[in-house]
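Novice: Handing you this structure, nothing more for now.
The values are calculated or read from the model by the stated rules, or taken from the named source; none is laboratory data. These numbers come from a predicted model, not from an experiment. Here the Cβ positions follow ideal geometry from the backbone for every residue, glycine too, while neighbour counts run over all protein chains shown.
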Amino acid sequence: MKNFLLTIFLVFFPLICLSDNLRVIDGDSIVLNGKKIRFHGIDTPELKQFCLKGNKKIACGLEVKKILIKYIGNDIPECLNKGKDIYKRILAECFINGQSISKYLVRSGHAFAYRKYSSKFIKDEDFAKKNKLGLWALKFEYPWNFRKKLK
């Protein structure tokens with residue numbers, strides 16, 4: 001019985017520790033080791049934002065957050081700091097197993113290339129749009145326009 005409990009502890013304890021180091025805020029923001037990080041060069045729907053699939057409302061902001069959580073899994077991202085934004089968040093491109101999280105989100109249609117700040121992910125967005133992936137299969141409002149209406 002002791003060995004069984006020890007095995008369970010050793011298997012699940014790292015997962016508990018990882019969750020203390022990483023928290024997903026929304027589709028393009030995380031807290032890593034107590035530091036707020038905003039993914040540079042992309043934008044995703046806000047948590048309170050909805051999209052339409054035909055006549056059906058979809059909580060697309062919440063869906064993108066879930067997709068990001070699933071993509072990260074139990075891994076801890078490695079992030080390259082690109083500076084800070086006006087909200088004092090670190091702007092960074094983050095990677096899981098050497099793969100850019102931002103590139104994945106944009107290329108799969110779950111994020112937009114934030115052209116106002118970067119041109120890095122435009123080709124990935126063009127690919128997703130052409131293939132009607134993710135958000136491109138829905139009727140949506142760009143997140144930057146949605147936020148303007150909240151002010």
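Novice: For the structure I just gave you, tell me whether Ser119 is out of contact with any Cys (no Cβ under 7 Å at 6 or more places or on another chain), buried (at least 18 other Cβ atoms within 10 Å of the Cβ) and of a type in the set (S, T, N, Q).
Specialist: So Ser119 fails the test.
Novice: Still on this structure: Are any residues in the stretch 122-145 among the aromatic types (Phe, Trp, Tyr) and either surrounded by fewer than 18 Cβ atoms within 10 Å (Cβ to Cβ) or not in a loop (DSSP other than H, G, I, E, B) (or both), and if so, which ones?
Specialist: Once the filter is applied, which keeps residues that are among the aromatic types (Phe, Trp, Tyr) and either surrounded by fewer than 18 Cβ atoms within 10 Å (Cβ to Cβ) or not in a loop (DSSP other than H, G, I, E, B) (or both), the stretch 122-145 yields Phe127, Trp136, Tyr142, Trp144.
Novice: With the structure loaded, tell me whether Asp20 is at pLDDT below 95, under 22 Å from Lys148 (Cα atoms), loosely packed, with under 14 Cβ neighbours inside 10 Å and charged (D, E, K, R) or whether it fails that test.
Specialist: no
Novice: For the stretch 91-114, indicate whether the set of residues that are on the phi < 0 side of the Ramachandran plot, part of a loop (DSSP other than H, G, I, E, B), among the hydroxyl-bearing types (Ser, Thr, Tyr) and surrounded by fewer than 15 Cβ atoms within 10 Å (Cβ to Cβ) is non-empty.
Specialist: No, the conditions are met nowhere in the stretch 91-114.
Novice: Further question: So, in the stretch 93-134, of the ones that are under 15 Å from the mean Cα position of the chain (by Cα) and β-branched (Val, Ile, Thr), which residue ends up farthest from Ile76 (Cα to Cα)?
Specialist: If we take residues in the stretch 93-134 being under 15 Å from the mean Cα position of the chain (by Cα) and β-branched (Val, Ile, Thr), then Val106 is farthest from Ile76 (Cα to Cα).
Novice: Mind telling me which of the residues Lys36, Lys53, Lys66 ends up being of a type in the set (D, E, K, R) and touching a Leu at 6+ places or on another chain (Cβ under 9 Å)?
Specialist: Being of a type in the set (D, E, K, R) and touching a Leu at 6+ places or on another chain (Cβ under 9 Å) holds for just one of Lys36, Lys53, Lys66, which is Lys53.
Novice: Return the pairs, sorted by first residue and then second, in which the second residue is β-branched (Val, Ile, Thr), the first residue lies in the stretch 126-151 and is farther than 21 Å from Ile67 by Cα, the beta carbons are less than 6 Å apart, and the residues are 6+ apart or on different chains.
Specialist: none
Novice: Then there is this: So, in the stretch 39-86, how many residues would count as being in contact (Cβ under 8 Å) with a residue 12 or more places away in the chain and aromatic (Phe, Trp, Tyr)?
Specialist: 2
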